[in-house]
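Everything below concerns the one structure shown next.
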Amino acid sequence: MVAARLGVLLVVLLMALAGSSGSVVQATAQHASTRSADLIREALPATTPISNFANCLEPGFDYDTAASGPPVAKRLAVNRSCGDGLLQAVDRSVHPTISGERAYRLCGSCQGASPISEELLYYSAPTPATIPARCEPKPGPLIQQMPPDCSTATTPLYQHGLLWFFISKGTCAFFGPMPLAGAPPYPTSLTTCVWFTDVDATMGQQGFATSG
């Protein structure tokens, strides 16, 4: 009889503890949910950092007003940097084979609503780069003896190239992690992006398009 009563008391005690534990867990979950929502609401406002290619932009050119037609082709007036490259002025005695108007038509990625600048210039840049032919692996054995400098040797693709240089500017949006259900979305991070490409002023070929 005593054993039976002890068994009943043990069951009641375990049920009480389970109910108490469930309440604590539920309260903790509600608290965590509230704090997460508070963190979302208190998140820092979106910022607009400047692109690493901001120095490529043509000084004085209005990149923020909607384009009203093809760009006005001009010669680079003053040398300036562009990322890790260099834009250099072309002497007035140099006359390109490809006109600025034709270069714009040959530029397949230049069409759009964003205003775009176009300058005749010499462009030099260490990237993108190609592997020198003497450093390319030859068909045959798996292990080949290469010149000692091939481990670091690169040939810049742009070395004082006479080009029509096209530049545009825009805004890139980046989204953070998904918020909790029912919570407002995380702020969007906005970045000013600069895009540029070129058309060879002698051969008319479009080069690489770069953005960032």
Scanning for something under 30 Å from Cys193 (Cα atoms), at pLDDT below 85 and of a type outside the set (A, V, I, L, M), does region 66-82 turn up at least one residue? yes
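Suppose we filter Gly204, Gly161 for residues that are more than 27 Å from the chain's Cα centre (by Cα), open to solvent by less than 80 Å² (accessible area, probe 1.4 Å), within 19 Å of Leu87 (Cα to Cα) and modelled with pLDDT of 70 or more; which single one remains? Outline the logic, then answer.
Details: Gly161 fails: more than 27 Å from the chain's Cα centre (by Cα).
Just a single option satisfies the conditions, and that option is Gly204.
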With the first residue restricted to region 92-115 and required to be touching a residue at least 12 places away in the same chain (Cβ under 8 Å), and the second required to be in a helix (DSSP H, G or I) and not acidic (Asp, Glu), Cβ contacts under 8 Å at 6 or more apart or on different chains are Ile98/Leu106; Cys110/Tyr104
Residues (in contact with a Ser or Thr (Cβ under 6 Å, 6 or more places away or on another chain) and among the hydroxyl-bearing types (Ser, Thr, Tyr)) located in region 50-90: Ser51
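Does region 91-113 hold any residues that are touching a Ser or Thr at 6+ places or on another chain (Cβ under 8 Å), surrounded by 14 or more Cβ atoms within 10 Å (Cβ to Cβ) and closer than 20 Å to Gly170 by Cα, and which are they?
We begin by selecting, within region 91-113, every residue touching a Ser or Thr at 6+ places or on another chain (Cβ under 8 Å); these are 96-98, 107, 109-110, 112.
Subset that is surrounded by 14 or more Cβ atoms within 10 Å (Cβ to Cβ): 96, 98, 107, 110.
Those that are touching a Ser or Thr at 6+ places or on another chain (Cβ under 8 Å), surrounded by 14 or more Cβ atoms within 10 Å (Cβ to Cβ) and closer than 20 Å to Gly170 by Cα: Cys107, Cys110.
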May I ask you to say which residue of Ser168, Ser124 is touching a His at 6+ places or on another chain (Cβ under 7 Å), at pLDDT 70 or above and surrounded by 10 or more Cβ atoms within 10 Å (Cβ to Cβ)? Ser124
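Being surrounded by 11 or more Cβ atoms within 10 Å (Cβ to Cβ), closer than 15 Å to Trp195 by Cα and touching a Gly at 6+ places or on another chain (Cβ under 8 Å) is true for just one of Glu118, Glu58. Which residue is that? Break it down into steps so the answer makes sense when it comes.
Numbers: Glu58 fails: touching a Gly at 6+ places or on another chain (Cβ under 8 Å).
Every option except Glu118 fails the conditions.
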Scan region 90-125 for residues that are within 18 Å of Ala54 (Cα to Cα) and either of a type in the set (Asp, Glu) or out of contact with any Pro (no Cβ under 8 Å at 6 or more places or on another chain) (or both) and jot them down. Ser114, Glu118, Glu119, Leu121, Tyr123
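The values are calculated or read from the model by the stated rules, or taken from the named source; none is laboratory data. Being a predicted model, the structure only gives us computed values, none of them experimental. A quick note on method: Cβ atoms are made from the backbone with ideal geometry, for glycine too, and the neighbour counts reach across all protein chains shown. SASA here: full protein model, heavy atoms, side chains in, ligands and nucleic acids out. Shrake-Rupley method; radii C 1.70, N 1.55, O 1.52, S 1.80 Å.
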